[in-house]
Amino acid sequence: MLKIRNLRAKVVDGPDILKGIDLDVNAGEIHAVMGPNGSGKSTLSRVLAGHPDYEVTGGTVEFEINREPKDLLAMEAHERACAGVFLAFQYPTEIPGVSNSVFLRAAFNAICRAQGVPSVDAFDFRALLTEKLALIGMDDSYLERPVNLDFSGGEKKRNEILQMAVLAPRLAILDETDSGLDVDSLRIVAEGVKSLCTPHNATLMITHYQRMLEYITPDIVHVLMDGRIVRTGDHTLAKAVETRGYDWVRDEA
Amino acid sequence: MKTARTKPVSDQYGDLFGAFIGEREGKDSVALLAQRRAAYDRFVVAGIPTRRVEAWKYTDVTALADRHLAHAVLAPIGPDDIAHAPLLHAEDETLVYVDGIMQPHLSHRHDEALLSATALSEALTESGPDLSALRADRETPFMALNHALWRDGLHLHLAANGKMERRIHVLFLHSQQSSDVIVNPRLLISLGHHAEASIAVTHASLGDAPCFNNATLDIALDEGAQLNFCHAQLLNPAATHIGATSITQQADTTLRCMDFNIGAALARHDLTVAMVGPGATTSLNGLYAVKDRQQVDCHTLIEHAAPNCSSRQLYKGILDDRATGVFNGAIRVYPGASATDGQQMNRNLLLSNTCKINAKPELQISNDDVKCTHGATVGRLDDQELFYLASRGIDTATARDMLSRGFAEEVLFQLADRQLHSDLHEILNLYFEKTV
Ligand SMILES: Nc1ncnc2c1ncn2[C@@H]1O[C@H](COP(=O)(O)OP(=O)(O)OP(=O)(O)O)[C@@H](O)[C@H]1O
Ligand SMILES: [Mg+2]
């Protein structure tokens, strides 16, 4: 589904942050990406989502759309989202004055339109929202509030997963969705995410901790250091990282 | 001897005034006629302020000095003609003016016992109040002109302890005239002690003809009164609006005010709130949105003249194309006004590279025991917010539109009156529809 080859990227006027990433993600897979602070995990997620702050200086990213590989890097950010790429932000943006429900409906309809699916009316959309809110353990008071505005850290993370649940992406990139969540919230959100994983979509979870992975066992774990994937393994790699730290990976690499 | 700081007015104002005063003789009291003549003289002596006058530094109105203006030619107007006028609701206590003339057959009165409406010309008997003396020290030339030329001035009074459930709406409409006309709306509103009301004053056009709407409005809140007030300038893009609104608050009064400016080619609004009794609170929200070559100039002055008063101001502006805007917000704290709490925020959103905003907060504090804050921001749409929307599949044009509306919504959101909220929302939609 996703094929990244030798991807290099930097912020405009800055040094390279991604220094040659190779990564393959197939439908039905759950990947975890771990790595020390500042190693480039969020940068990778933002480059894949099409953030304008970054400049791709080399490499390719292919994303399969209708079984055809497409050049993801040539697409605008909103086109990527319409094609099924979703990024749950590490630090979700606050949007004053735009209510969550208006925002969700605009996004849902934009994606439906792009995918040639008829959009739903306000009544049916509300029903869909109610179902997804329950999945994430949120009540509908969040719908009329401005997007993320004055949400607590944990509420923002939940709101990201609510959006994921509503928009049903084919490739979900979750950037530290687990951090900031209390134990109970973590369980609810992790179980929600898990229930959204199907054989037709894929999930890339960026995390520092094993705890989210206890609910959602990744098929493949990658360690990203200094802009490169230095090690790839199965779910035991995550445990090893948590107990032994990154120096160990660095030494072995 | 006039200074070069003002521009002398052309003789045509003399003709306008001459024709008008002739017509008023026999209708107005001798005292009122004398007041009008004196006001007209002050207008002529003052002239039109140029940009050398501090208060007019960024807004050039000198074209008014020799603009060819006429009195409106009055034609009968029926309910169908005003069916599409903004903010009209049958259940409101509605007072409709067309070209400055009161239209009883278009107005809806429900509760005349509680809310009295008296013609100012009747209220101003020989011994009555001298309107121009209300604030003689800060009369602008435009207020003097208004006083010389107002026609059906009105005094609305809500009796003490009166609680008006219905919204009161005073609508100043401009009919489609073949010449450029001058209209001088004049309104005096008073709320008796502990009275409560919701009042909207709107200025709107029925056609696309130009006009000069020169409005003067005074509001007095007696002890403990509560007022939700909305001032909406919704004139057409050929219109000029110059408005002076002065609100006086006695002890323990509550004022919630929305100052909405969308429409005219040139709109200047001076809003003064004088808190003269202790324990008064004011929350003042404003929204202006301009595009093309429109100009808007909002001046607010909050006077803390008594202890324990608080004021909150949030003014937001949206500017596009080659439009220009001014926000000048002054807070004046007088000696003795202890425990004053004054906050002011002005935020501006620039949607083009060619629009311009001059934002100027002004704090004048003569007292130690004061908590005053102010701030002004001028910015474009936020890249991170745009990316967030894009990352959810929303295209750039739609995202810009959503964020701009969201920017305005933050102010409209403050309106407790849901009907008014949706009405103003609709008017804002028109602004955006023609932009995007
Ligand atoms: N927009 C930007 N402008 C400047 N520097 C940036 C920008 N984005 C990322 N960087 C820098 O690139 C490096 C990688 O940052 P990134 O956010 O990708 O790290 P991370 O692996 O997600 O770290 P963390 O675990 O702390 O979230 C850091 O040194 C960061 O300061
Ligand atoms: Mg990060």
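Structure data summary
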item: From the options A:Arg105, A:Arg8, A:Arg113, A:Arg80, residue that is touching a strand residue (DSSP E or B) at 6+ places or on another chain (Cβ under 8 Å), charged (D, E, K, R) and under 25 Å from A:Leu162 (Cβ atoms); result: A:Arg80
item: Residue check for A:Leu162: crowded, with 17+ Cβ neighbours inside 10 Å and within 11 Å of chain B (Cβ to nearest Cβ); result: no
item: Leading residue by the ranking (farthest from the other protein chains (Cβ to nearest Cβ)) among those in region A:29-63 that are of a type in the set (D, E, K, R) and within 16 Å of ligand 2 (Cβ to nearest atom); result: A:Lys41
item: All positions within region B:55-85 that are in a loop (DSSP other than H, G, I, E, B) and open to solvent by 30 Å² or more (accessible area, probe 1.4 Å); result: B:Lys57, B:Tyr58, B:Asp60, B:Arg67, B:His68, B:His71, B:Val73, B:Leu74, B:Ala75, B:Pro76, B:Ala83, B:His84
item: Residue tally, condition under 19 Å from B:Val201 (Cα atoms), open to solvent by 10 Å² or more (accessible area, probe 1.4 Å) and aliphatic (A, V, I, L, M), over region B:266-289; result: 1
item: Hey, A:Pro96 more than 9 Å from every other protein chain (Cβ to nearest Cβ), surrounded by fewer than 19 Cβ atoms within 10 Å (Cβ to Cβ), outside any helix (DSSP H, G or I) and not hydrophobic (A, V, I, L, M, F, W, C) or not; result: no
item: A:Pro36 being more than 20 Å from A:Thr203 (Cβ to Cβ) and either in a helix (DSSP H, G or I) or without any contact (Cβ under 8 Å) to a residue 60 or more places away in the chain (or both); result: no
item: Residues being touching a residue at least 40 places away in the same chain (Cβ under 8 Å) and either at positive phi or at the interface with chain B (Cβ under 8 Å from one of its Cβ atoms) (or both) - total across region A:82-93; result: 6
item: Residue in region A:64-80 that is assigned to a strand (DSSP E or B), away from ligand 2 (no atom under 16 Å from the Cβ) and either touching a Pro at 6+ places or on another chain (Cβ under 9 Å) or within 9 Å of chain B (Cβ to nearest Cβ) (or both) present; result: no
item: Hits in region B:404-430 - residues which are facing another protein chain (nearest Cβ under 9 Å) and open to solvent by 10 Å² or more (accessible area, probe 1.4 Å); result: B:Arg405, B:Phe407, B:Glu409, B:Glu410, B:Phe413
item: Selection status of A:Phe89, of a type in the set (Phe, Trp, Tyr) and under 20 Å from the mean Cα position of the chain (by Cα); result: yes
item: Lone qualifier among B:Asn367, B:Asn353, B:Asn358 - being touching a Pro at 6+ places or on another chain (Cβ under 7 Å) and polar (S, T, N, Q); result: B:Asn367
item: Residue tally, condition assigned to a helix (DSSP H, G or I) and open to solvent by less than 70 Å² (accessible area, probe 1.4 Å), over region A:99-120; result: 12
item: Test: residue in region B:366-382 that is more than 29 Å from B:Lys57 (Cα to Cα) and within 14 Å of chain A (Cβ to nearest Cβ); result: yes
item: Members of region B:299-314 that are under 16 Å from the mean Cα position of the chain (by Cα) and surrounded by 24 or more Cβ atoms within 10 Å (Cβ to Cβ); result: B:Thr300, B:Ile302, B:Gln313
item: Check on B:Ala390, facing chain A (nearest Cβ under 8 Å) and of a type in the set (Gly, Ala, Ser); result: yes
item: Condition check for A:Ala168: within 14 Å of chain B (Cβ to nearest Cβ), within 16 Å of the chain's Cα centre (by Cα) and surrounded by fewer than 18 Cβ atoms within 10 Å (Cβ to Cβ); result: yes
item: Residue match in region A:121-137 (condition: within 16 Å of ligand 1 (Cβ to nearest atom), among the aliphatic types (A, V, I, L, M) and surrounded by 14 or more Cβ atoms within 10 Å (Cβ to Cβ)); result: no
item: Options A:Val230, A:Val249, A:Val221, A:Val189; residue that is part of a strand (DSSP E or B), away from ligand 2 (no atom under 16 Å from the Cβ) and open to solvent by less than 40 Å² (accessible area, probe 1.4 Å); result: A:Val221
item: Residue within region A:196-209 that is closer than 22 Å to A:Gln90 by Cβ, modelled with pLDDT under 95 and exposed (fewer than 15 other Cβ atoms within 10 Å of the Cβ) present; result: no
item: A:Thr57 being more than 16 Å from A:Ala83 (Cβ to Cβ) and in a strand (DSSP E or B); result: yes
item: The one condition in (1) away from ligand 1 (no atom under 11 Å from the Cβ); (2) open to solvent by less than 30 Å² (accessible area, probe 1.4 Å) that A:Leu44 fails to fulfil; result: (1)
item: Every pair of residues 6+ apart whose Cβ atoms lie under 7 Å, when the first sits in region A:158-182 and is of a type in the set (A, V, I, L, M) and modelled with pLDDT under 95 while the second is open to solvent by 10 Å² or more (accessible area, probe 1.4 Å) and away from ligand 1 (no atom under 16 Å from the Cβ); result: A:Leu181/A:Gly154
item: Residue in region A:99-112 that is nearest to the other protein chains (Cβ to nearest Cβ), counting only those that are within 28 Å of A:Leu204 (Cβ to Cβ) and without any contact (Cβ under 8 Å) to a residue 12 or more places away in the chain; result: A:Ala106
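The values are calculated or read from the model by the stated rules, or taken from the named source; none is laboratory data. Here the structure is a predicted model, which means the values were calculated and not measured. Quick reminder, even Gly has a Cβ in these numbers, built from the backbone with ideal geometry, and neighbours come from all protein chains shown. In case anyone asks, the SASA skips ligands and DNA or RNA and just uses the protein heavy atoms, side chains included. Shrake-Rupley method; radii C 1.70, N 1.55, O 1.52, S 1.80 Å.
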